[in-house]
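All remarks here apply to the structure that follows.
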Amino acid sequence: MKFSLILCTLGRDKEVEDFLSSLCDQIYKNYELIVVDQNEDDRVKNIIDRYKNKINKIKYFRVNFKGLSRGRNFGLLHVEGDIVAFPDDDCKYPNNILLEVKNRFERDKVDFLSCISLDEVSGLESNGRWRKNKTPISKSTLFGTCISYTIFVKAECIKENKMSFDERLGVGANTPFQSAEETDFIYRLLQLGCKGIYYPEICIYHPLKIIEYDERTIERAYYYAMGLGAFFRKHVNDIELLPEFCRLLIRAGGGILYSILKMNWGGVKFYCKILNGRWKGFITFKP
């Protein structure tokens, strides 16, 4: 079983090197790394050159376009492995992750799987609230079990169904809908009848980002929220998704009320932007 790891990167270098270093430490070595470099300088190319003799197979591409979804779609064209993953350029792999994932694919006969995201230093959950127990991935459990860098998918499921990421969604897209591309991707796999399981006993490391309510953070949260709203609009005919959309709107409203009670005016602005973004993404996205 061979892994194809598609790494799209822009604006980072030390984090990219940390990820490559974690690949060198893997117990299971049967993988290829597909690097889609969207930088205009050589910061990543120089790192790749240093690791060419340390990693069995690196496919390096310097591209002249931006967008995470577009970059991943480009990477999918060059996959030769059996299992595809989409590591972030600031995540790290524990040294047993590929072995553990391989074992679960062989044992449980799944089409895709996901694991938990943890901060390497603190051991705390990162990038959201994660489910505590192993669970089948479904429309009702999609949130809290999947994010792009924790998912592993059989290449045959992608190729046979001509799957790709919706380039209107995700960071760097030429739209205001700057997230939810992986949610949409996994949702469509589920629609095709693919089976997935979430395993919280295995993890991928991703830094825990402390929320500071500055203008940049608030603006980024707004466009991420628009991406989530767009996802629900795209699949508005699926009644099973409606409770989750309502829950996410209510949660943002709860954040506003809680911040008011704490007189945290930065938090009020933050959650107002999230609520507004989720709703605006829903009403402005054109399926």
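All of the numbers you see were taken from the coordinates with simple rules; none came from a lab. This structure is a prediction, so every number in the text was calculated from the model and none was measured. Every residue, glycine among them, receives a Cβ derived from its backbone with ideal geometry; neighbour counts consider all protein chains shown.
Data for the structure
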read-out: Span from the the range 1-37 Cα centroid across to the the range 204-280 one, whole angstrom; value: 31
read-out: Where a label projected 7 Å from the Cα of D13 along Cα→Cβ would reach, residues of the range 32-51 with amide N under 16 Å; value: 37-51
read-out: Sorted peptide list for 175-182, 20-27, 243-250, criterion being average Cβ within 10 angstrom, highest first; value: 175-182, 20-27, 243-250
read-out: Viscosity 1.567 mPa s, 4 °C: Kirkwood-radius Stokes-Einstein D of the range 77-148 over Cα pairs, µm²/s; value: 93
read-out: At R0 = 30 Å, FRET efficiency that the Cβ-Cβ distance of S122 and L242 yields, to 0.05; value: 0.25
read-out: Ranked F86, F74, criterion: other C-beta atoms within 10 Å, fewest first; value: F74, F86
read-out: Estimated vicinal HN-Hα couplings, Hz - the range 44-51 in sequence order (Karplus 6.51, -1.76, 1.60; Gly, Pro = x); value: 7, 4, 5, 5, 4, 4, 6, 9
read-out: Gain in span if fully extended, R62 to K269, counting 0.36 nm per residue against the direct Cα distance; value: 70.7 nm
read-out: Set of aspartates and glutamates with alpha-carbon distance to K159 below 12 Å, sequence-local pairs under 8 removed; value: E80, D82
read-out: Percent antiparallel among DSSP beta bridges (both partners in the chain, rounded to 5); value: 30
read-out: Spin-label proximity, K139 to the range 191-211 - amide N less than 18 Å from point 7 Å beyond Cα toward beta carbon; value: 191-197
read-out: Label-point separation, Q191 to I260 (7 Å along Cα→Cβ), nm; value: 3.8
read-out: Length gained when the stretch K132-H78 is fully extended (0.36 nm per residue, less Cα-Cα span); value: 15.9 nm
read-out: Over 19 Å (Cα to Cα) - which of K139/K234; K59/K209; K234/K273; K102/K154 fall in this group; value: K59/K209; K234/K273
read-out: Candidate values (i) 39, 29, 17; (ii) 30, 22, 19; (iii) 33, 26, 19, label of the one derived for semi-axes √(5λ) of the Cα gyration tensor in Å; value: (ii)
